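What follows is a set of notes on a single structure, which appears directly below.
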Amino acid sequence: MSKKMILLFSHTLSDEQIIDGKKEFGVDEFLYLPSELQKLWSNFDADLERLDTKAFKEFLQNNANDGDIVLVQGDFGASFTMVNFALDLGLIPVYATTKREVVEVIENGVSVKKSIFKHRRFRRYE
């Protein structure tokens, strides 16, 4: 049976993340949100008192199978809600960890520090 990683995530996966998902969890399909849901996930209105996560819950219910992986990163409240919902469905919610490397370069005679974030691993929410 195919194992999916469903992406409740604001970015596109890096090559390293794809490799890690396949290696660590045996994922053979990466499922992004449809464009309208992706826009909502990436841009929750900060002025709302409550978030409506119904559409994301329906998406998980309709697309996930027991034991699938769900990468959940984004708005803290939405992430908290969706992690708990994923656990209730028998899914495995994870988040990506990174290592920050600071590089100092000289640009036009000025010292500029740049942060480079490199994927390290996926960690389970527990």
Task: Members of region 76-91 that are surrounded by 20 or more Cβ atoms within 10 Å (Cβ to Cβ) and either touching a Gly at 6+ places or on another chain (Cβ under 8 Å) or without any contact (Cβ under 8 Å) to a residue 12 or more places away in the chain (or both) - done: 91
Open item on the list: I need the full set of residues from region 41-93 which are among the small types (Gly, Ala, Ser), closer than 17 Å to residue 125 by Cα and more than 17 Å from the chain's Cα centre (by Cα), in order please.
Closed with: 90
- [ ] Go through region 16-51 residue by residue and tally those that are surrounded by 10 or more Cβ atoms within 10 Å (Cβ to Cβ), of a type in the set (Gly, Ala, Ser) and out of contact with any strand residue (DSSP E or B) (no Cβ under 8 Å at 6 or more places or on another chain).
- [x] 2
Task: Enumeration of residues in region 14-33 that are in a loop (DSSP other than H, G, I, E, B), closer than 18 Å to residue 86 by Cβ and either in contact (Cβ under 8 Å) with a residue 24 or more places away in the chain or within 15 Å of the chain's Cα centre (by Cα) (or both) - done: 27, 33
TODO: Output the residues belonging to region 52-75 that are more than 17 Å from residue 21 (Cβ to Cβ) and either exposed (fewer than 15 other Cβ atoms within 10 Å of the Cβ) or in contact with a Pro (Cβ under 7 Å, 6 or more places away or on another chain) (or both).
DONE: 52, 54, 55, 58, 61, 62, 66
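Values in this text are rule-based calculations from the coordinates and carry no lab data. Nothing here was measured: the structure is a model prediction, and the numbers come from that model. Cβ atoms come from the backbone with ideal geometry, glycine included; neighbour counts cover every protein chain shown.
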